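Here is the structure we will look at, set down as structure tokens.
The values are calculated or read from the model by the stated rules, or taken from the named source; none is laboratory data. Since this is a predicted model, take the numbers as computed values, not measurements. What goes into the accessible areas is simple: the full protein's heavy atoms, side chains included, and nothing from ligands, DNA or RNA. Shrake-Rupley method; radii C 1.70, N 1.55, O 1.52, S 1.80 Å.
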Amino acid sequence: MYNVAVVGATGNVGRKFLEILEQRNFPINELYLFASKRSAGKYLKFRDKEYIVNETSEENIKDKKIDLALFSAGRDASLKFAPIFVRYGATVIDNSSAWRMAKDVPLVVPEVNPEDIKWNNGIIANPNCSTIQAMLPLKALKDAYGIKRVVYSTYQAVSGAGMQGIADLKDGLKGVEPKKFPYPIAENCLPHIDVFLDNGYTKEEIKMINETKKILHDDSIRITATAVRVPVLNCHAESINIELEKPYELDDVVKLLESTKGIVVYDDTKELKYPTQLQVSGKDEIYVGRIRRDFSIDNGLNIWVVGDNIRKGAALNAIQIAEEIIK
């Protein structure tokens, strides 16, 4: 049994941590909840018991003997407090962007690169939600055929922008001006996620590019991305165009993806079967459809990938990392 902390417990992902820990019957001895000073003092329910939310501070951490700390409290809180948890004996699994590209911190999708967990120095990073769902099919394809180039086009739900993102969509449908997004998201698509960089890409797009190379251990893959926020409450969808190194038969690719752990192939155009965000919301698996040859290049392939960004794209992936640790 393990002493577990959830940091950022009152947020979207923090609450999802608690839900999934309960669903998967994670072996918890003591549970400790942490959040900002603003949320401290609230109570959250877990396994029919009410737990008080503590303010995240060294004073509240040092005497708890925490084994595992699941973080979803934002970059600044992770940079400040993750090393403190590690100093007092915890292994931190962090959902923010704070540690993802640090050389001494593994970036892990358990179905893809669980072996990287072994070289952690107390902190393990959870990839970006949009990266996580792409990794399962890309890893399988890379191992079988090699990958030269990837073109990402994402269709990302407002839940990825937190509670205020959800509020902007719901309020916008009533004609209320947005507070989170620069333009209305209701009945609109915004090709803008995170801040713009000097090269014209957004931070979200560069995250996907860099994280893909780190997780797949391959800096030679050429990758570009366009990330778009769409008026959908939950689940990210992605059109992924891939240039493989070797020739392939389409039936073999379908069978490969069907046999890959964590993937559900849902693809029958005659029956109008393809994954949608409403269908995949609440699911643990990544759904793949619209599997077809890209005739414009040699060994080109198109796939459509849908995943629950709050569940598998954040909370579940972190808990699966924790499950690998306790194995």
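When only Cα pairs under 8 Å and 6 or more residues apart are kept, what is the percent relative contact order across segment 1-64? Write down the numbers at each step before the final one.
On the way: 92 pairs, mean separation 20.4, N = 64.
Normalised by residue count, the contact order of segment 1-64 is 32 percent.
Normalised Debye scattering of segment 241-327 at q = 0.25, 0.26 Å⁻¹ gives log10 I(q)/I(0) of -1.19, -1.23, counting only Cα atoms as equal scatterers and leaving out solvent. What a 1.4 Å probe finds exposed on segment 35-181 is 48% carbon and sulfur by accessible area, rounded to a whole percent. The mean sequence distance of close C-alpha pairs (under 8 Å, at least 6 residues apart), as a share of the length of the chain, puts its relative contact order at 18 percent. Among beta bridges from DSSP that stay inside segment 194-327, the antiparallel ones total about 85%.
When K37, K270, K64 are compared by accessible area of protein heavy atoms, the largest-first order is K270, K37, K64, using a 1.4 Å probe.
The Kirkwood radius of segment 163-215, taken over pairs of alpha-carbon atoms, gives through the Stokes-Einstein law at 4 °C and 1.567 mPa s a diffusion coefficient of 103 µm² s⁻¹.
The candidates E111, E22, E258, arranged from most to least accessible area with a 1.4 Å probe in the full protein assembly, appear as E258, E22, E111. Per residue of the chain, the DSSP helices (runs of n ≥ 4 H) give a summed -39500 (n - 2.57) that works out to -8500 deg cm²/dmol at 222 nm.
So for segment 45-195, what percent of the C-alpha to C-alpha distances run longer than 25 Å? It would help to have the intermediate numbers written out before the result.
Values: 5517 of 11325 pairs.
Result: 49 percent of Cα pairs exceed 25 Å.
Which of the pairs K179/K213; K139/K327; K170/K203; K213/K327; K45/K203; K170/K207 have their Cα atoms more than 30 Å apart in this structure?
Numbers: K179/K213 34 Å; K139/K327 23 Å; K170/K203 26 Å; K213/K327 27 Å; K45/K203 35 Å; K170/K207 28 Å.
Pairs exceeding the cut-off: K179/K213; K45/K203.
In segment 153-242, inverting the average of 1/r over every pair of distinct C-alpha atoms gives 13.9 Å as the Kirkwood radius.
So how much accessible area does R87 have, in Å² to the nearest 10, using a 1.4 Å probe? Probe radius 1.4 Å; accessible area of R87 about 150 Å².
How big is the C-alpha Rg of segment 120-175 next to the rule-of-thumb value 2.2 N^0.38 Å, as a ratio? Could the numbers behind the result be given before it?
Numbers: Rg = 16.9 Å, N = 56, 2.2 N^0.38 = 10.2 Å.
My calculation over the Cα atoms of segment 120-175 gives 1.66.
Would segment 177-297 count as rounded, prolate or oblate if I go by the C-alpha gyration tensor, calling it rounded below 1.5 in a/c and otherwise prolate when a/b exceeds b/c, oblate otherwise? Note, shape of segment 177-297 comes out oblate. Rounded to whole Å, give me the distance from the Cα center of segment 243-293 to that of segment 1-67. So the separation of the two Cα centres works out to 36 Å. The listed residues E50, E238 rank as E50, E238 when sorted by accessible area, largest first, using a 1.4 Å probe. P(r) tail for segment 1-85: Cα pairs beyond 14 Å make up 59% of the total. Here is what passes the span test in the chain: the DSSP H helices with alpha carbon length of 20 Å or more along the helix axis and a Kyte-Doolittle mean of -1.0 or above are 129-145. Considered as an equivalent ellipsoid built on the Cα gyration tensor, the chain has semi-axes of 33, 23, 18 Å, the largest given first.
Which percent of the accessible heavy-atom area of segment 200-250 goes to carbon and sulfur, probe 1.4 angstrom? Carbon and sulfur together cover 50 percent of it.
Share of antiparallel DSSP beta bridges in the chain, in percent to the nearest 5?
Details: 29 of 60 bridges.
Among the beta bridges of the chain, antiparallel pairing accounts for roughly 50 percent.
Cα centroids of segment 135-169 and segment 202-235: 6 Å apart.
Can you say what percent of the DSSP beta bridges in segment 24-170, counting only those with both residues inside, are antiparallel? Round to 5.
Details: 4 of 15 bridges.
Counting only bridges with both partners in segment 24-170, antiparallel ones make up about 25 percent.
Solvent-accessible area per residue for the chain at a 1.4 Å probe radius, Å²?
On the way: 15130 Å² over 327 residues.
Per residue, the chain has 46 Å² of solvent-accessible surface.
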